[in-house]
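The values are calculated or read from the model by the stated rules, or taken from the named source; none is laboratory data. If you're wondering where the values come from, they're calculated on a predicted model, not measured in any experiment. Using ideal geometry, Cβ is built from the backbone for each residue, glycine included, and neighbour counts are taken over all protein chains shown. Keep in mind that these areas ignore ligands, DNA and RNA; they rest on the heavy atoms of the full protein, side chains included. Shrake-Rupley method; radii C 1.70, N 1.55, O 1.52, S 1.80 Å.
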Amino acid sequence: MENIFECKKVSKNFGKTKQVLVHALKSVDLEIKKGEFTAIIGPSGSGKTTLLNIMSGLDNPTHGKVLLKGNDITKMDGNELSDFRRDHIGFVFQSYNLLPVLTAEENIEYILIIQGVPEKERKERVQKALIEVGLKGLGKKFPNQLSGGQQQRVAIARALVGKPDIILADEPTANLDSVNGRALLDMMLKLNETLGVTFVFSTHDPLIMNEAKRLITLHDGKIVEDKIQ
Amino acid sequence: MNLILIKLGIRNVFRNKRRTLLTSLAIGIGLMSLIIADGFILGMKNYMIRSVTDDYLGHGQIHHTKFLKTNKVKFIIDSPEEVEKKLSADAKLKGYSPRTISSALIASAEGSEQISLVGIKPKYESILSKIKTFTTMGNYLEKNDKSHILIGKKLASKLKVGIGDKVVLTLSPIGGGDLSQELFRIKGIFSYGSSAFDNHMAFINLGRAQQMLGCKGCIHEFALKFNDLVNLSLLFEEYKNKFPADGHLFENWKELMPALNSALELTDISMAFLAAFLAILVGATVVNTLYMALYERKFEFGVLLAIGTRKRVLFIIIIVESIALAIGSIIIGSILTIIFGGMLAYYGVDYGGVTYASVPLREPIYMVFSLKQFIIYPLGLIIFTILISFYPIWQILKIPPSKSLKII
Ligand SMILES: Nc1ncnc2c1ncn2[C@@H]1O[C@H](COP(=O)(O)OP(=O)(O)OP(=O)(O)O)[C@@H](O)[C@H]1O
Ligand SMILES: [Mg+2]
């Protein structure tokens, strides 16, 4: 399978002076192949969020390269990075993913609008995405009318609808109870299997990490284990 | 630009309804103050101009070139018949009044005073000035009144004279020689409310004045009043050309009363200061509100940036929000203006005869609405709001999404 993502010797330091310098990532090498379903685990402060931020271009590595299909994203300027995220990356955060003043449909449609997709196609793709995440008929609801689990599904639908190469999710189940967390993960797995969507997500939850096909363990900014399960 | 961006901005404005309402109320009150101040100053200006021109001055006057500069009676208008012919033929004139002006001594049994004696044609003068209206005791002059005089209320009390009493006028004729002295009976007493008039003016028939001055048919001043008040400045131009400075000179009220004109210009400056002051208040309110409203949503903006919104687009989303806020404020401000300004336009404010720039404010001053107030000020407010919101927006856009997305 082709590599869609590559991190080459990626380091990230926070802080400017030597005394308070934090080595959040230490020379991380990582390759993500198309269709993978990868969990990143590790104790709090081990660098999971930092790694996901750097993979998405939200943050710049101190050293190293991040390649998407061979293109180095660390060399892109502001607008290029915005467009790169818009076209190639789907995002799901832990919570408050959605704009509260937009309905579920509008939140999903937003990505297609900034991608410049024509209206008719947008409407169709939004409805399809809603069905794929199991929220058929709930498109007109505002986020505060949806449960936490439903909100995360809308977030995944939004990430999915733009046809990205990869969906990055930072602890997508952290704010859900175990039943809803499990349901969300099952849905992600289904999307991965039926549509071939590539997922990389971080988690603390042992039940969730067991579902992953590939498990990367970070410790102190280093990958200490990388296994296919 | 897509509709959803506008939707986003507008819905965001209504998100915190109380804050939005309070903010637009504050901005709206600023707008209202501006419009009312403007309308009130306009009303005041109109009143003062009207009062000055209607009371006595007219919209403009014609004199011998040197008369006003020197105040010498010998500078009479060269060919008054010709001037009068031109004036009587002009349909744009509502009226004109020929006058002689000379200083004189008025004496009663109780004392004497130096006055300015004006010879008038009663009928012509009654169209041009308010002397007839302000003659509240006795009667106004008539054409055939040979030995009758109108004097001011304060002068009458100084001389301790009333209607029907006798006074003696003494003045020196234009050609020099013996003083003319004549007996007059007080026909009417006027009250202008201005001390210059009520203390120092007296009116007699023009023919009698010319006779006392020893110059048959001589005129010092033609006071003019036009029909069309809107295009006065055009008429002034026309009359400047019609009466160029050869022998006689046309001057408009601004030239005749430079002090009043500069007083009125001063009100424009105070208006500009008021506008600047209100702009600072409104500006501070907008910056403050917007900054709070944006800062508490920095996570949302972080999400928008993270999922691929360009900063420029986010900028537009937020600008739409501040425009929506400005428009809401304009609606509230306009409603307030119509309510409170309408009251001021209807009831006016009574200054009880206070004198401003030597113009007595006898009647209440009414606010005057104009279309300009509801176009220029709101438009200015929108532009100003947009400009002022750059700062908080720039502050928000500066935060990198990796920072704003941190939950703790
Ligand atoms: N902006 C920052 N400035 C300074 N230090 C930072 C910053 N962001 C992260 N760090 C530090 O970098 C290290 C890695 O943080 P990161 O958030 O990536 O950990 P994490 O694995 O996501 O932890 P958690 O499970 O708690 O989310 C931590 O020591 C953290 O304190
Ligand atoms: Mg984290």
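Worth pointing out:
- Accessible area (Å², 1.4 Å probe, nearest 10) - A:Val20: 90 Å²
- Taken across both chains, chains A and B shield about 2300 Å² of accessible surface from a 1.4 Å probe.
- Shape summary: chain B maps onto an equivalent ellipsoid whose semi-axes, from the alpha-carbon gyration tensor, are 66, 21, 16 Å in decreasing order.
- Taking all protein chains as they are arranged and a probe of 1.4 Å, the heavy atoms of A:Val22 leave approximately 80 Å² accessible to solvent.
- Checking every one of the trypsin sites (Lys or Arg not before Pro) in the range A:95-175 against DSSP loop status and a limit of 12 other Cβ atoms within 10 Å picks out A:Lys136, A:Lys140.
- The calculated FRET efficiency for B:Ser370 paired with A:Glu121, based on their beta-carbon distance and R0 = 60 Å, is about 0.70.
- Here the gap between B:Leu3 and B:Lys406, fully extended at 0.36 nm per residue and compared with their Cα-Cα distance, gives a gain of 142.1 nm.
- Solvent-accessible surface of the range B:274-375, taken per residue with a 1.4 Å probe and all protein chains present: 47 Å².
- Label-point separation in nm, A:Asp220 to B:Thr170, each point 7 Å along Cα→Cβ: 12.0 nm
- Anchor B:Lys121: aspartates and glutamates whose Cα lies under 18 Å away (excluding residues fewer than 8 positions away in-chain): B:Asp54, B:Asp55, B:Glu81, B:Glu82, B:Glu84, B:Glu142, B:Asp145, B:Glu221
- Counting 0.36 nm for each residue step from B:Asp78 to B:Leu266 and taking away their Cα separation leaves a gain of 63.9 nm.
- In the range B:60-228, the DSSP beta bridges split such that about 75 percent are antiparallel, to the nearest 5.
- For chain A, built as a Gaussian network whose Cα springs stay under 10 Å, the top-fluctuating residue of A:Gln115, A:Gln19, A:Gln152: A:Gln19
- Calculated FRET efficiency, B:Tyr356 to A:Ser178, Cβ-Cβ distance, R0 = 60 Å: about 0.15 to the nearest 0.05.
- Solvent-accessible area of B:Tyr56, all protein chains in place: 30 Å² (probe radius 1.4 Å, heavy atoms, ligands and nucleic acids excluded).
- Atom-type composition of the exposed protein surface of chain A places 51 percent of the accessible area on carbon and sulfur (1.4 angstrom probe).
- Once the GluC sites (Glu not before Pro) in DSSP loops with at most 15 neighbouring Cβ atoms within 10 Å are cut out of chain B, the longest remaining piece is B:143-295.
- 10 Å Cβ neighbours from other chains, averaged over peptide B:294-302: 2
- A 1.4 Å probe run over the range B:46-146, with the rest of the protein chains in place, finds 49 Å² accessible per residue.
- Only helices enter this figure: runs of n ≥ 4 DSSP H residues, each worth -39500 (n - 2.57), summed and divided by the residues of chain B, yield -17000 deg cm²/dmol at 222 nm to the nearest 500.
- Distance between the modelled labels on B:Ala89 and B:Glu110, one decimal in nanometres: 5.1 nm (7 Å Cα→Cβ projection).
- Cα→Cβ-extended label distance, 7 Å offset, between A:Val20 and A:Ser44, nm: 2.1 nm
- Taking the DSSP beta bridges with both ends in the protein assembly as shown, the antiparallel portion is around 70 percent.
- For the cross-link pairs A:Lys128/A:Lys190; A:Lys65/B:Lys298; B:Lys160/B:Lys187, the ones whose C-alpha atoms lie over 23 Å apart are A:Lys65/B:Lys298.
- Scanning the protein assembly as shown for cysteines with no neighbouring cysteine C-beta under 4.7 angstrom from their C-beta gives A:Cys7.
- With all protein chains in place and ligands, DNA and RNA left out, the 1.4 Å accessible area ranks B:Asp246, A:Asp87 as B:Asp246, A:Asp87, largest first.
- 1.4 Å probe accessible area per residue over the range A:73-229, in Å²: 43 Å²
- For the range B:14-45, backbone nitrogen atoms closer than 14 Å to the point 7 Å from B:Leu229 Cα along Cα-to-C-beta are found at B:42-45.
- Filter on B:Lys94/B:Lys166; B:Lys69/B:Lys94; A:Lys163/A:Lys213; A:Lys9/A:Lys33; B:Lys216/B:Lys254; B:Lys92/B:Lys242 - keep pairs with C-alpha separation over 24 Å: B:Lys94/B:Lys166; B:Lys69/B:Lys94; B:Lys216/B:Lys254
- Efficiency of FRET between B:Glu237 and B:Ile331 - r from beta-carbon atoms, R0 45 angstrom, step 0.05: 0.60
- When all protein chains stay in place and ligands, DNA and RNA are ignored, the 1.4 Å accessible-area order of A:Lys12, B:Lys17, B:Lys92, largest first, is B:Lys17, B:Lys92, A:Lys12.
- For A:95-101, mean number of other protein chain Cβ atoms within 10 Å: 6
- Beta bridge orientation in chain B: antiparallel %, DSSP, nearest 5: 80 percent
- Percent carbon-and-sulfur accessible area, the range B:174-289, ignoring ligands, DNA and RNA, probe 1.4 Å: 61 percent
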